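No value in this document is a laboratory result; all are computed from the given coordinates. A quick note: this is a predicted structure, and the numbers were derived from the prediction, not measured. FYI the Cβ positions are ideal-geometry reconstructions off the backbone, even for glycines, and counts take in every protein chain you see.
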Amino acid sequence: MPRDEYRDNAMLERFHWCANLVFTVAVASVLMSCSSTPKSAADAVPEAVPEETAIVEPAAEDSVSAMIVQGRELEAVVAAVEEVGGTITHRLRIINAVGARLTPAQIAALEQHEAVTRIYADREVGIRSTG
């Protein structure tokens with residue numbers, strides 16, 4: 001391999017390594033900004049354990065809310081939601097959680113379930129620009 005071609009390949013490898021590092025740092029900072037301390041109590045989704053599960057309860061007993069149910073193992077969370085009669089809308093493998101349609105009674109039952117560590121409202125989130 002000619003010397004210039006070797007140098008170009010080495011530079012390309014360094015560029016790819018740096019690009020991957022920059023991408024990883026960018027993703028980590030976005031994830032950290034999403035989990036940073038909320039500016040007000042209205043923005044808060046508390047860190048919770050089973051006995052202090054964060055929930056948003058619907059007004060009517062028979063109404064259904066979109067919720068995220070999280071646990072230590074995805075399949076255990078799926079089983080818990082199905083056990084209480086909830087409807088799973090999507091699986092969030094990366095955080096061991098499911099999106100589910102739940103009634104207040106189902107939410108209350110899941111709060112007591114050993115497989116569930118957090119329950120919170122499934123709501124739209126976004127990033128605001130200040131500049």
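Things worth noting here:
- The amide H of THR87, built 1.01 Å from its N in the peptide plane, has ARG101 as neighbours under 5 Å, considering only residues 5 or more places off or on other chains.
- Karplus (6.51, -1.76, 1.60) ³J(HN,Hα), θ = phi - 60°, over the range 88-93, in Hz, Gly and Pro reported as x: 7, 9, 6, 10, 10, 4
- HN-Hα J in Hz across the range 99-107 - Karplus 6.51, -1.76, 1.60, θ = phi - 60°, x for Gly and Pro: x, 8, 9, 9, 8, x, 5, 5, 4
- Taking amide hydrogens as placed 1.01 Å from N in the peptide plane, the amide H of LEU92 sits under 5 Å from those of ALA97, VAL98, GLY99, each at least 5 positions away in sequence or on another chain.
- HN-Hα J in Hz across the range 62-76 - Karplus 6.51, -1.76, 1.60, θ = phi - 60°, x for Gly and Pro: 9, 6, 10, 10, 7, 10, 10, 10, 10, x, 7, 10, 4, 5, 5
- Net charge over other residues, Cβ less than 11 angstrom from the Cβ of ALA97 (K, R count +1; D, E count -1): +2
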